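Report on one structure; see the data block that follows.
Coordinate-derived values only; no laboratory data. What you see is a predicted model, and the numbers here were worked out from it, not measured in a lab. Neighbour counts are summed over all protein chains in view; Cβ atoms, including those assigned to glycine, are modelled from backbone coordinates with ideal geometry.
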Amino acid sequence: MAAGPPSVHSPSPYEPGGRLVSEQHTHAHHHPHAPGRWARLRHRAGHLVTPHSHEAADKTDAALESSARGMRALWISLAVLGATAVAQAVVVVLSGSVALLGDTVHNAADALTAVPLGIAFVLGRRAATRRFTYGFGRAEDVAGLVIVATIAASAAFAAWTAIDRLINPRDISHLPIVAAAAVIGFLGNEWVARYRIRVGRDIGSAALVADGLHARTDGFTSLAVLLGAGGAALGWRLADPIVGLLITAAILLVLRDACREVFRRVLDAVDPALVDTAEHALRHTPGVRAVSELRMRWIGHRLRAEVAIVVDGELTVREAHTVAVEAEHALLHAVPKLSAALVHADPEPLPGAPDPHHALAHHTA
């Protein structure tokens, strides 16, 4: 039987959010279907080998550390890409290469995407308020939308410049310097790409990973500038603007991938493998008879989950709550980047018994 959403009532034994006050360390008596003593002893022994904590302060410290690493990656990559773009801009002025101009603009735009992401990381550190009850982690999604708009603008500028040069051809000078600037652009972007992707995966920031993939594609577009310089060296005047159009096409491909990543995150998409991992952990928690509902979402670079599990209907409230706490604990161990889970325990239905969620039926579609 599908379970309804967790209760939101707040009588005295509940916290303000409607969740039962923790009693996991108080056991009135042992029920044959409650989590076994040996299971608890095994878990405590595991803590002795790999000690850790799930206290709120420790979760906050982990989130702050993740944001600090993200900020450090952003500013270092901003410095590297900024220096690369400045060097390329000097060569653009000397040579008049439209392909290199498009690549320079794209590199500069990629560097500036560090600004909205940095603002998002700073906002994500703020504590939740009565208006923003989940905190400010979703600011990363807003930053992702800004990044998508920036990529689109750079594509439009590169296309406009290349088309203008096709209509009004112009010779390119300083070809060896143009080639060197293209190589510098590739090396700078590839270094930044590796750094952003590594840190983004470590802290669970999809926006930072996507930005790293964006930088990697920028590196290959820098190599494309070499083709334009080579064609110009052979006397083909249209080689440079044609390569500029190819770079525009590459930017549009990056834009497509960035849109997919950002809008998936905006729509609360998660990797199905994470859902499978969470279900496996819940089903193997002592006392859990079934998993009737499981929802997960990213808030910034941390995950939250809402779960409804089925337990023996003969358990006391304290025993059912102990099962729920053990289920949450199992999730925190099994699912990377999970910061919290709200677990609701439903009694196992009896044949002929009324649906305990019948009063909520008229509120659901």
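The figures follow:
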| item | result |
| --- | --- |
| Residues whose placed amide H lies under 5 Å from that of V311, excluding near-sequence neighbours | R289, D346, E348 |
| Residues of the stretch 104-129 with amide N under 17 Å of the 7 Å Cα→Cβ point at A68 | 121-127 |
| Fewest-first ranking of W298, W191, using other Cβ atoms within 10 Å as the exposure measure | W191, W298 |
| Full-extension gain in nm, V90 to I76, via 0.36 nm per residue minus C-alpha separation | 2.9 nm |
| Inter-site label distance for R201 and H362 at 7 Å from Cα along Cβ, in nm | 5.3 nm |
| Paramagnetic reach from E293 (point 7 Å along Cα→Cβ, amide N under 17 Å) across the stretch 331-365 | 341-349, 355-365 |
| Theoretical gain in end-to-end length, A152 to V122 [0.36 nm per residue, Cα-Cα removed] | 8.3 nm |
| Net length gained if the chain between R264 and A233 were fully extended (0.36 nm per residue, minus Cα distance) | 6.7 nm |
| Order of V115, V323, V317 under a 10 Å beta carbon neighbour criterion, fewest first | V317, V115, V323 |
